[in-house]
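Here is the structure we will look at.
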Amino acid sequence: MSAPHLTAEDRASLRGCPLFRDLSDQTIDRVVHRARVAKYPRGQLVFAQGDPANAFFIVLEGWVKLYRLAANGDEAVVTVVARGESFAEPVMFLGGRYPVYASAATPCRLLRMEYDAFVSCLESERDVATAMLASIAWRAAALTEQIGMLKMLNAPRRVAEFLLSLCPFERNDARIPLPYEKALIAARLGMTPESFSRALAALRKFGVRVARDVITIDDVGALRDYMHVN
């Protein structure tokens with residue numbers, strides 16, 4: 001298998017993923033050499049609920065929606081996965097089947113790691129095995145934090161924290177493309193689409209502006225300050 005071509009932005013996305021955060025550049029190169037990059041247009045299925053869980057994914061660009069289908073055909077969104085986040089690795093290691101559908105909420109590029117290739121990495125790269133344990137621990141802590149956030153933060157602060165997580169840290173302004181269906185973001189944050197819209201409106205005084213599916217933040221520092229005010 002030839003090594004996939006990764007841009008500087010792709011490598012930054014990998015560095016944002018807990019699995020790769022503490023690995024050396026050389027180790028990342030060896031892991032990535034066993035993976036492949038796949039492109040998905042908006043709406044394309046990545047995998048279906050019930051498919052064999054033979055791979056996990058890292059989002060290099062775009063957004064992926066994880067959801068279930070009710071008996072009447074309605075979608076129940078579980079979460080939306082953003083750039084630098086991984087999904088499906090726990091169920092892959094359990095050797096089961098995907099418990100949800102995954103589809104491209106926007107055009108996206110994913111790094112796909114097959115089970116056999118990753119197990120080979122774990123056997124030959126001790127750093128990767130340690131990183132996987134750290135990633136699992138991080139995910140558990142992040143879930144606990146997310147539950148706490150949903151209970152403790154009001155809607156504008158939930159949205160502010162979410163937007164800040166997507167901002168390039170070295171810049172004081174940001175332009176953030178969002179999925180066209182803003183209801184997906186609302187579902188991720190545990191609120192209704194109407195509450196999400198009201199929260200965005202409340203953040204205008206901190207330089208947050210919305211133009212269709214793009215959010216612009218004029219002053220990231222001001223938004224960070226808002227998050228730290230009691």
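Can you tell me how many residues within the range 64-85 are open to solvent by less than 20 Å² (accessible area, probe 1.4 Å), modelled with pLDDT under 90 and out of contact with any Gly (no Cβ under 8 Å at 6 or more places or on another chain)?
3
Can you name the condition, by its number, that M191 falls short on among (1) modelled with pLDDT under 80; (2) assigned to a loop (DSSP other than H, G, I, E, B)?
(1)
Collect the residues in the range 89-127 that are at pLDDT below 70 and either among the small types (G, A, S) or over 19 Å from R21 (Cα atoms) (or both), keeping them in residue-number order.
S124
Could you count how many residues in the range 88-103 are surrounded by fewer than 22 Cβ atoms within 10 Å (Cβ to Cβ), closer than 14 Å to F47 by Cα and either of a type in the set (A, V, I, L, M) or under 16 Å from the mean Cα position of the chain (by Cα) (or both)?
Result for the range 88-103: 6.
Any idea which of (1) under 23 Å from V81 (Cβ atoms); (2) more than 21 Å from the chain's Cα centre (by Cα) is the one L200 doesn't satisfy?
(2)
Filter the range 108-119 down to residues that are touching a residue at least 24 places away in the same chain (Cβ under 8 Å), open to solvent by 40 Å² or more (accessible area, probe 1.4 Å) and assigned to a helix (DSSP H, G or I), then give me how many there are.
So the count comes out to 1.
Write out, first by first residue and then by second, each pair whose Cβ atoms fall under 7 Å of each other, whose residues are 6+ apart or on separate chains, and whose first residue, in the range 184-209, is touching a residue at least 60 places away in the same chain (Cβ under 8 Å) while the second is part of a helix (DSSP H, G or I) and surrounded by 14 or more Cβ atoms within 10 Å (Cβ to Cβ).
Going by the 7 Å Cβ cut-off, the qualifying pairs are I185/F196.
Consider T130 against the criteria (1) at pLDDT below 80; (2) under 19 Å from the mean Cα position of the chain (by Cα); (3) open to solvent by 20 Å² or more (accessible area, probe 1.4 Å); (4) not aliphatic (A, V, I, L, M): it satisfies all of them except one. Which criterion is unmet?
(2)
What number of residues in the range 51-63 are open to solvent by less than 20 Å² (accessible area, probe 1.4 Å) and either within 21 Å of G96 (Cβ to Cβ) or more than 16 Å from the chain's Cα centre (by Cα) (or both)?
5
Quick one: which helices (runs of 4 or more DSSP H) lie wholly within the range 2-70 and hold at least 1 residues that are among the acidic types (D, E)?
Helices (runs of 4 or more DSSP H) meeting the threshold: 8-16, 25-32.
Of the conditions (1) in a strand (DSSP E or B); (2) in contact (Cβ under 8 Å) with a residue 12 or more places away in the chain; (3) in contact with a Lys or Arg (Cβ under 8 Å, 6 or more places away or on another chain), A76 clears all except one; give me its number.
Among (1) in a strand (DSSP E or B); (2) in contact (Cβ under 8 Å) with a residue 12 or more places away in the chain; (3) in contact with a Lys or Arg (Cβ under 8 Å, 6 or more places away or on another chain), the lone unmet condition for A76 is (2).
Could you list, in sequence order, all residues of the range 138-181 that are at pLDDT below 75 and of a type in the set (S, T, Y)?
Passing the criteria: T144, Y180.
Would you tally the residues in the range 24-50 being open to solvent by 50 Å² or more (accessible area, probe 1.4 Å), closer than 25 Å to L14 by Cβ and of a type outside the set (A, V, I, L, M)?
Total meeting the criteria: 11.
The values are calculated or read from the model by the stated rules, or taken from the named source; none is laboratory data. Computed from a predicted structure; not experimentally measured. Don't worry about glycine lacking a Cβ; one is built from the backbone with ideal geometry, like all the others, and counts go over all protein chains shown. For accessibility, only protein heavy atoms count, side chains too; no ligands or nucleic acids. Shrake-Rupley method; radii C 1.70, N 1.55, O 1.52, S 1.80 Å.
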